[in-house]
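The values are calculated or read from the model by the stated rules, or taken from the named source; none is laboratory data. Model, not experiment: these values are computed from the prediction. Using ideal geometry, Cβ is built from the backbone for each residue, glycine included, and neighbour counts are taken over all protein chains shown.
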Amino acid sequence: MSVVIPAMNEAENLPYVFKTLPDWIHEVVLVDGKSTDRTVEVARDLWPGVKVVQQLGKGKGDALISGFAACTGDIIVMVDADGSADGQEIVSYVSALVSGADFAKGSRFTNGGGTDDMTRVRRLGNRILCAVVNAKFGARYTDLCYGYNAFWKHCLDEIALDCTGFEIESLMNIRVVKAGLRVQEVPSHEYLRIHGVSNLRAVRDGLRVLRVILEEKGVRRAARRRPAAIGVTTARGGVS
């Protein structure tokens, strides 16, 4: 299993991130976005075997794509570097995958989930964008714009990724549905960023997500590997 952590100037937060990661993880891939602090040095001190990938482009999407390419594990987990994710939840994600899911999608709004880090504007925007995706693509998501997810590496062959910003998570959520992959939502609690300021901008990045939704609706649906009846399952057992 590989854990991918995109990071830019997150040296102060990494101790909290690595402290919660299970020690049975096979591989940690840190994608460094040209940090000017001690992000890389701190990561190597905390996890001596960490694989460091230097990001050549810009943006979270670009960082994740670079990290995915460097992974050797059969399972890939996406974890933010700001301390908002609890690494102990990885067990729930892996359980969903070994139980039959292709893509384990974290949700802050399904039963058992929660968030300490969403403004009213972001919460409303996420709800609206999620509703649009559900209506247009036949999904039953409770959360759309969340970066804590896990999937079998073979999924990358079905959802070729080609965006650079924070809209990467929404694009993945749409394309796994279009590819007919089995998706299970996993309850997750998002904590406050511990140090520093997020690069996320609610209006700007919300518009980027909306553009992805509109563009994907016009793209021909990928050939399904399984019967359409499998669709998307959630933690509450719904099927689309």
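Here Val53 passes the criteria (1) outside any strand (DSSP E or B); (2) over 15 Å from the mean Cα position of the chain (by Cα) except the one numbered (1).
Considering segment 189-218, and only residues there that are of a type in the set (Val, Ile, Thr) and modelled with pLDDT of 70 or more, the residue that is nearest to Val132 (Cα to Cα) turns out to be Ile213. Go through (1) among the β-branched types (Val, Ile, Thr); (2) in contact with a strand residue (DSSP E or B) (Cβ under 9 Å, 6 or more places away or on another chain); (3) under 16 Å from Ile213 (Cβ atoms) one by one and return the number of the condition Val183 breaks. Val183 satisfies every listed condition except (3).
All conditions but one from (1) out of contact with any helix residue (DSSP H, G or I) (no Cβ under 7 Å at 6 or more places or on another chain); (2) of a type outside the set (Gly, Ala, Ser); (3) crowded, with 19+ Cβ neighbours inside 10 Å; (4) part of a helix (DSSP H, G or I) apply to Val28; the one that does not is (4).
Touching a strand residue (DSSP E or B) at 6+ places or on another chain (Cβ under 8 Å), closer than 28 Å to Thr39 by Cβ and in contact (Cβ under 8 Å) with a residue 12 or more places away in the chain - does that describe any residue in segment 128-141? No, that holds for no residue.
So that you can scan it fast, the table gives a plain yes or no per residue for (1) over 11 Å from Leu144 (Cα atoms); (2) not in a strand (DSSP E or B):
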| position | (1), (2) |
| --- | --- |
| Val94 | yes, yes |
| Leu97 | yes, yes |
| Gly100 | yes, yes |
| Lys105 | no, no |
| Phe109 | no, yes |
| Gly112 | yes, yes |
| Asp117 | yes, yes |
| Gly125 | no, yes |
| Ile128 | no, yes |
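If only residues of segment 183-192 that are assigned to a strand (DSSP E or B) and out of contact with any Phe, Trp or Tyr (no Cβ under 8 Å at 6 or more places or on another chain) are counted, the one that is surrounded by the fewest Cβ atoms within 10 Å (Cβ to Cβ) is His189.
This table checks each residue for (1) assigned to a helix (DSSP H, G or I); (2) under 13 Å from the mean Cα position of the chain (by Cα); (3) of a type in the set (Gly, Ala, Ser).
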| site | (1), (2), (3) |
| --- | --- |
| Ala131 | yes, no, yes |
| Ala139 | no, no, yes |
| Cys145 | no, yes, no |
| Ala150 | no, yes, yes |
| His154 | yes, no, no |
| Asp162 | no, no, no |
| Leu171 | yes, yes, no |
| Leu181 | no, no, no |
| Ile194 | no, no, no |
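For Val77, state whether it is more than 18 Å from the chain's Cα centre (by Cα) and either modelled with pLDDT under 95 or in a strand (DSSP E or B) (or both). It is false that Val77 is more than 18 Å from the chain's Cα centre (by Cα) and either modelled with pLDDT under 95 or in a strand (DSSP E or B) (or both).
Ala104 passes every criterion in (1) closer than 20 Å to Gly61 by Cβ; (2) at pLDDT below 95 apart from (2).
Condition (residue is at pLDDT below 85, of a type in the set (Val, Ile, Thr) and surrounded by 22 or more Cβ atoms within 10 Å (Cβ to Cβ)) applied to segment 226-234: is it met by at least one residue?
The first filter runs over segment 226-234 and keeps only residues at pLDDT below 85, leaving 226-234.
If we keep only those that are of a type in the set (Val, Ile, Thr) as well, we get 230, 232-234.
Now restrict to residues that are surrounded by 22 or more Cβ atoms within 10 Å (Cβ to Cβ): 232.
Yes, segment 226-234 contains at least one residue that is at pLDDT below 85, of a type in the set (Val, Ile, Thr) and surrounded by 22 or more Cβ atoms within 10 Å (Cβ to Cβ).
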